[in-house]
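Novice: One structure coming up, written as structure tokens, with questions to follow.
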Amino acid sequence: METIHKIGRRKTAVARVYLTEGKGNITVNKRDMDKYFTTATLQYKVKQPLTLTNNVDNFDINVNVFGGGITGQAEAVRLALSRAMCELDEENRSILKPEGLLTRDPRMVERKKFGQKKARKKFQFSKR
């Protein structure tokens, strides 16, 4: 099996996932996944596509992720892994799609407008 390469995005985070046959090691930015994603919630999010398709110990996964915050990065990795699982076996699509793991979340930060404090917030208005 050759390496499967997929990209996942969330907010401003971009994750590139390289999937090869192995023992289930997950490396994120040349660090162990448990060291990079410290909370159990983020680790669960990353492993979710693997557990649903029963592939936790079948593949070694190398991830390069940058941009955004830690949660956005975890969700970007999750999308990339879901896409890789679908390329591996088309039947995985019917498992992952109802869970919403193949949907690219389009929500981004709204830009700040000039003459305002933030995107929607205005400067304080003084009548007198």
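Novice: Being of a type outside the set (A, V, I, L, M, F, W, C) and in contact (Cβ under 8 Å) with a residue 60 or more places away in the chain is true for just one of Arg10, Arg31. Which residue is that?
Specialist: Arg10
Novice: If you don't mind, another one. Go through segment 17-65 and give me each residue that's of a type in the set (Asp, Glu) and within 24 Å of Arg93 (Cβ to Cβ).
Specialist: Residues satisfying the conditions are Glu21, Asp57, Asp60.
Novice: Specify the residue that is nearest to Thr3 (Cα to Cα); the eligible residues are those in segment 34-54 that are touching a residue at least 40 places away in the same chain (Cβ under 8 Å) and in a helix (DSSP H, G or I).
Specialist: Ranking the candidates gives Pro49 first.
Novice: Which of (1) buried (at least 18 other Cβ atoms within 10 Å of the Cβ); (2) assigned to a strand (DSSP E or B); (3) under 14 Å from the mean Cα position of the chain (by Cα); (4) not basic (Lys, Arg) does Leu19 not meet, given it meets every other one?
Specialist: If we test Leu19 against (1) buried (at least 18 other Cβ atoms within 10 Å of the Cβ); (2) assigned to a strand (DSSP E or B); (3) under 14 Å from the mean Cα position of the chain (by Cα); (4) not basic (Lys, Arg), just (3) comes out false.
Novice: From the list Gly67, Gly72, pick out the single residue that is surrounded by fewer than 18 Cβ atoms within 10 Å (Cβ to Cβ) and not β-branched (Val, Ile, Thr).
Specialist: The conditions single out Gly67.
Table: residues versus (1) more than 14 Å from the chain's Cα centre (by Cα); (2) of a type outside the set (S, T, N, Q); (3) in a helix (DSSP H, G or I); (4) within 20 Å of Asp32 (Cβ to Cβ).
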position: Val56; (1), (2), (3), (4): yes, yes, no, yes
position: Asn62; (1), (2), (3), (4): no, no, no, yes
position: Gly68; (1), (2), (3), (4): no, yes, no, no
position: Arg78; (1), (2), (3), (4): no, yes, yes, yes
position: Ala84; (1), (2), (3), (4): no, yes, yes, yes
position: Thr103; (1), (2), (3), (4): no, no, no, no
position: Val109; (1), (2), (3), (4): yes, yes, no, no
position: Lys127; (1), (2), (3), (4): yes, yes, no, no
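Novice: When you check Val46 against the structure, is it surrounded by 13 or more Cβ atoms within 10 Å (Cβ to Cβ), out of contact with any His (no Cβ under 6 Å at 6 or more places or on another chain) and at pLDDT 95 or above, yes or no?
Specialist: no
The values are calculated or read from the model by the stated rules, or taken from the named source; none is laboratory data. This one's a predicted model, so the numbers in the text were calculated from it and none came from an experiment. When we count neighbours, we look across all protein chains shown, and the Cβ atoms used for this are built from the backbone with ideal geometry, even at glycine.
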